[in-house]
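The values are calculated or read from the model by the stated rules, or taken from the named source; none is laboratory data. Treat the numbers as computed from the prediction; the structure is a model and nothing was measured. Heads up, the Cβs are rebuilt from the backbone with ideal geometry, glycines too, and the neighbour counts pull from every protein chain shown. Remember, those area values only see protein heavy atoms, side chains included, never the ligands or the DNA or RNA. Shrake-Rupley method; radii C 1.70, N 1.55, O 1.52, S 1.80 Å.
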Protein chains: 2
Amino acid sequence: MRKKTRENTNESAVTRLRQAGLRPTRQRNELADLLFRDGNRHLTAETLHAEAVNRGIRVSLATVYNTLHQFTHVGLLRQVMVDATRSYFDTNTVEHQHFYYEEDGTLADIPGSDIGVANVPDAPNGTKVSRVDVVVRLRRN
Amino acid sequence: MRKKTRENTNESAVTRLRQAGLRPTRQRNELADLLFRDGNRHLTAETLHAEAVNRGIRVSLATVYNTLHQFTHVGLLRQVMVDATRSYFDTNTVEHQHFYYEEDGTLADIPGSDIGVANVPDAPNGTKVSRVDVVVRLRRN
DNA sequence: CAATTACTTTAGAATTATTCTAATGTAACT
DNA sequence: AGTTACATTAGAATAATTCTAAAGTAATTG
């Protein structure tokens, strides 16, 4: 017999949320489960919402947007900018860079941590570097 | 006395358009003038439209969007992805990278051509690298 | 160089992604 | 258990961008 949702929820998700200072609500727990269950993922709000609905999780698109942004704020997710039309979120928050498949609008982590940026100039006066993003855009040949 | 608009139009704009295979229409000529008159610029469709209207150029926002995309297609402009909410276009199409001021959503070229990406991995099977974008995100400190 | 044709521009409607709002629900604290 | 502060929600609102179909203009033709 299937346990109730709450009991099903991965305890690590709850812990994760607590540590991040976010109240572990049903939807946050279940979304966190989805997000962090199978390794690194790149997804949009629409994608995650569809997936959640498919698995029978009752959650509105608005909440998915809220949750993604909250998770991003507390460092559980990272937002990746590659496409003018949609926002991607990445479950891998460790410093790493991306391949972007222009044809199908798909993202992939660049394997290994070999890639590096050389000679990054000093940040202009009064500013500091908050992040260096590298996107290697790929096209079919 | 002021010459008529057509005669005012920078001849190089017309040439530029012809070479790119774009019919040099009034709006394209005038927008090209604005875009390429003073060096490197980073602008959005809204920005350019406002500027054009300010200078008395009659052009619709739709045409500005069309024109920016056409110019981008033929390599006269380059689209820069840094902000989920707006699309920036860059009049500098030579390989170079950007500073992005997170607070005010402003873009600037990284001076010099020192910056480089090391150890870019091979493009996955069946693909080739079309471009490598680097964005150094800055925050006030 | 006037007529024809093909490509452009335009206003406004439509679409898409995202955010807002105000009512309802729920976790956490007393 | 009751209260309070924070979350969720549906749907409306907004913002950026694209579409559409009619009107305009550059280029080509005879």
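Points worth noting:
- On inspection, B:Q70 qualifies as modelled with pLDDT of 95 or more and not hydrophobic (A, V, I, L, M, F, W, C).
- Residues in the range B:102-141 that are more than 24 Å from A:E102 (Cα to Cα), more than 7 Å from chain A (Cβ to nearest Cβ) and among the acidic types (D, E): B:E103, B:D104.
- Scanning the range B:71-84 for residues that are of a type in the set (G, A, S) and more than 11 Å from chain A (Cβ to nearest Cβ) yields one hit, B:G75.
- The range B:1-32, subset more than 13 Å from DNA strand C (Cβ to nearest atom) and surrounded by 14 or more Cβ atoms within 10 Å (Cβ to Cβ), residue modelled with the highest pLDDT: B:R16
- Residue in the range B:85-95 that is open to solvent by 40 Å² or more (accessible area, probe 1.4 Å) and within 11 Å of another protein chain (Cβ to nearest Cβ) present: yes
- The residues in the range B:51-74 that are more than 9 Å from DNA strand D (Cβ to nearest atom) and either surrounded by 14 or more Cβ atoms within 10 Å (Cβ to Cβ) or touching a residue at least 40 places away in the same chain (Cβ under 8 Å) (or both) can be counted, and the count is 10.
- Of all the listed residues (A:I57, A:I115), the sole one being of a type in the set (V, I, T) and within 27 Å of B:D114 (Cα to Cα) is A:I115.
- Odd one out for B:T15 among (1) outside any loop (DSSP other than H, G, I, E, B); (2) under 22 Å from A:R137 (Cβ atoms): (2)
- Any hit, the range A:49-58, residues being within 13 Å of DNA strand C (Cβ to nearest atom), over 12 Å from the mean Cα position of the chain (by Cα), within 29 Å of A:R137 (Cα to Cα) and at pLDDT below 95: no
- For the range B:112-141, filtered to residues that are among the small types (G, A, S) and part of a loop (DSSP other than H, G, I, E, B), the residue that is farthest from B:H42 (Cα to Cα) is B:G126.
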